[in-house]
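S.K.: Structure incoming, see below.
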Amino acid sequence: MEVKQESAARSQTDGIDYTQIVQSSEFKQLLQAKKKFIIPMTILFFTFYFILPILTSYSNVLNTPAIGEITWAWVFGFAQFVMTWALCILYSKKAQSFDKLSTDILQKLNKGRG
């Protein structure tokens, strides 16, 4: 009950109709674009992350030498760090397009109010 009162009080003080924003097609496009990027990247990350413990626990595939005495398990483990950094960089670049969509929504809102 307290959340509803706080929400109603906020909309009265700043004059922004958040319900209208959430129902707008621009906001729905923003959410769709984020889902289209985040869900596949999350699946990729978790799949890549869980393959290492699964393969080391239930097979000997990663125990074979890759380079000298270094096994594929070490290479795969290092690749997880590289993959994490790559996903962070990729998301940072993609977030710029999300920021642009958010800015467009705010500009449209301000035009409607002004």
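S.K.: What single numbered condition from (1) in contact (Cβ under 8 Å) with a residue 24 or more places away in the chain; (2) closer than 27 Å to LYS93 by Cα fails to hold for SER25?
M.R.: The one condition SER25 does not meet is (1).
S.K.: Also: Hey, could you check the range 56-86 for residues that are of a type in the set (A, V, I, L, M) and part of a helix (DSSP H, G or I) and say which is farthest from the chain's Cα centre (by Cα)?
M.R.: Narrowing the range 56-86 to residues of a type in the set (A, V, I, L, M): 61-62, 66-67, 70, 73, 75, 79, 82-83, 86.
Right, trim to part of a helix (DSSP H, G or I) and you get 61-62, 73, 75, 79, 82-83, 86.
Working: VAL61: 32, LEU62: 30, ALA73: 27, VAL75: 26, ALA79: 20, VAL82: 17, MET83: 15, ALA86: 13 Å.
Here the answer is VAL61.
S.K.: Does PRO53 qualify as being modelled with pLDDT of 95 or more and either assigned to a helix (DSSP H, G or I) or basic (Lys, Arg) (or both)?
M.R.: Considered against the rule, which asks whether it is modelled with pLDDT of 95 or more and either assigned to a helix (DSSP H, G or I) or basic (Lys, Arg) (or both), PRO53 comes out as no.
S.K.: Turning to a different aspect of this structure: If a residue has to be within 30 Å of ASP99 (Cα to Cα) and surrounded by 14 or more Cβ atoms within 10 Å (Cβ to Cβ) to count, how many in the range 42-79 make the cut?
M.R.: Initial filter on the range 42-79 (within 30 Å of ASP99 (Cα to Cα)): 42-49, 79.
Next cut, surrounded by 14 or more Cβ atoms within 10 Å (Cβ to Cβ) only: 45, 48, 79.
Qualifying residue count for the region: 3.
S.K.: When the residues of the range 1-48 are filtered to those that are of a type in the set (Val, Ile, Thr) and at pLDDT 80 or above, which remaining residue is farthest from ASP104 (Cα to Cα)? Even if it seems obvious, please write down each step before you answer.
M.R.: Initially, the range 1-48 is screened for residues of a type in the set (Val, Ile, Thr), giving 3, 13, 16, 19, 21-22, 38-39, 42-43, 47.
If we keep only those that are at pLDDT 80 or above as well, we get 19, 21-22, 38-39, 42-43, 47.
Numbers: THR19: 17, ILE21: 12, VAL22: 14, ILE38: 21, ILE39: 24, THR42: 27, ILE43: 29, THR47: 35 Å.
Among those that are of a type in the set (Val, Ile, Thr) and at pLDDT 80 or above, it is THR47.
S.K.: Consider the range 44-67. How many of its residues are in contact with a helix residue (DSSP H, G or I) (Cβ under 9 Å, 6 or more places away or on another chain) and either polar (S, T, N, Q) or under 19 Å from PHE81 (Cα atoms) (or both)?
M.R.: 13
S.K.: Being over 12 Å from the mean Cα position of the chain (by Cα) and either among the basic types (Lys, Arg) or closer than 12 Å to ALA33 by Cα (or both) is the filter here; which residues of the range 97-114 pass it?
M.R.: SER97, ASP99, LYS100, LEU101, SER102, LYS108, LYS111, ARG113
The values are calculated or read from the model by the stated rules, or taken from the named source; none is laboratory data. Being a predicted model, the structure only gives us computed values, none of them experimental. All Cβ positions, glycine included, derive from the backbone under ideal geometry; neighbour counts span all protein chains shown.
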